[in-house]
Amino acid sequence: MDIDGEGEGEARQVQVRFVTKLQHPYKVQQTSISIPANLTRFRLSALVNNLLFTTNEDWTTEPFDFLIDGELVRMSLEEFLIAKGISAEKVLEIEYIKAVAPRKQETPSLHDDWVSAVDGSSDGYILTGCYDGFGRIWKAGGVCTHVLDGHSGPLTSVCNLMPKVDSIADQVVATGSKDRTLRLWKFGEEDPIDQPKKIRSVKILRGHTGAVQSIAAIPSSDMLCSGSWDCTINLWNTSTTDTNDSVSVKKRKKEGQDMEALSEGDAITTLVGHTQCISSVVWPQRETIYSGSWDHSIRRWDVETGKDSFNMSCGKAINSLSVGGESSALIAAGGSDPVLRVWDPRKPGTLSPIFQFSSHSSWISSCKWHDKSWYHLVSASFDGKVMLWDLRTAWPLAVIDTHGDKVLCADWWKGDSVISGGADSKLCISSGVPVL
């Protein structure tokens, strides 16, 4: 079968076979066809859509990406084959996948100041932190259900916890602030949403002598860690019931009425080694914490011994750190230049990144792996853009340009949405991103 490209003239032809792991109705007939070698991925996508339409008149156009030998095609077929040294004399097998790009921009959620932190780990809500000193819970774009009121300084980090409670309606979240404290909050996910409900913290964690810059928790655990401008990492018990770490229990009064008791906790352990602000902490496994710092280092800590078992100098101040990818072992980091870097600490004897992505034009403020993909991650930058990445190509899959100022934070939500906050005081939600 021959497919002639419109206006291709004497373009070289190649024999190809389109294959996919996608299920019906995304499968085309696996027969070889002849196509112009100078087709790009956009015209390849149009071609596959035409083939699908011939067998299904109800087919709706879907953007596709293409893999040859496990690498995404980001140039014409002919250029790709020459660059990779692949022969065009045999039938070329091309795998097509759904293009990873947002299909919809949701209603922005407006705040009163910079949106400095987001957490999308719960499918039921989005947690944000703001420079106005409040945390907020959002059910969807523009729908705020709870306001977390208690900090005396800007929020710098937020974290969703997986509490061990009897009622599935009870959610516990944590916030970190420039006021040097962490606070724990409890709320009911099914509370009415006619107007935002203001709630008070149930526990304050004190011990840092500098602003808290980053917090992280182990899923389904009662432990939390925090990195601070005082160059230390503190470990905390997040139980909201009285425990040995609770040094005091105070009752507050409002309009003459006693309110719920507020407990205060001390750090259980302090990890010392960094020499400047600890800008990012990640706690992927009970025994291991990762940290990034403005002292240009990334460290891996053994929680039991309190010692760092891995100390890598990156040459740049680190702003954000994420652990994921293949076997949840790869380290992605962004910092004081426009380059997003990925390391594999399992490879001994080298500190060189295995991937470097350099499409941003300013410092990278945030990066995050997709928790169910070995290949995909998101980055945010002071250049005002959010970018989606796939390790199988050096070019961004998509550039999200919905913010009007610096982007300060980004995360995944529900597996198929990207959320971000910025200096434009907006939480933006880009949905319909088919990673899986």
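Overview of values
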| item | result |
| --- | --- |
| Count - residues of segment 361-382 that are within 21 Å of Ser293 (Cα to Cα) and of a type outside the set (A, V, I, L, M, F, W, C) | 6 |
| Ser76 vs. criteria under 35 Å from the mean Cα position of the chain (by Cα) and either assigned by TED's automatic domain parsing to the domain that holds Ile94 or closer than 19 Å to Leu436 by Cβ (or both) | yes |
| Test set (1) under 27 Å from Pro396 (Cα atoms); (2) open to solvent by less than 60 Å² (accessible area, probe 1.4 Å); (3) at pLDDT 95 or above - Asn50 fails condition number | (2) |
| Hits in segment 296-328 (condition: open to solvent by 70 Å² or more (accessible area, probe 1.4 Å) and part of a strand (DSSP E or B)) | Lys307, Ser309, Asn311, Ser313 |
| Qualifying residue in segment 141-155 (condition: of a type outside the set (Phe, Trp, Tyr), touching a residue at least 12 places away in the same chain (Cβ under 8 Å), within 15 Å of Lys414 (Cα to Cα) and surrounded by fewer than 24 Cβ atoms within 10 Å (Cβ to Cβ)) | yes |
| Elements of type strands (runs of 3 or more DSSP E) in segment 96-163, at least 3 residues being under 15 Å from the mean Cα position of the chain (by Cα) | 115-119, 126-130, 155-161 |
| Condition met for Ser361 (crowded, with 21+ Cβ neighbours inside 10 Å and either in the same structural domain as Ser157 (by TED's automatic domain parsing) or aliphatic (A, V, I, L, M) (or both)) | no |
| From Leu408, Leu436, residue being over 11 Å from the mean Cα position of the chain (by Cα) and not assigned by TED's automatic domain parsing to the domain that holds Gln213 | Leu436 |
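The values are calculated or read from the model by the stated rules, or taken from the named source; none is laboratory data. Please read all numbers here as calculations on a predicted model, not as lab measurements. All Cβ positions, glycine included, derive from the backbone under ideal geometry; neighbour counts span all protein chains shown. The protein model used for the area step is the full one, side chains on, heavy atoms only, and it has no ligands, DNA or RNA in it. Shrake-Rupley method; radii C 1.70, N 1.55, O 1.52, S 1.80 Å.
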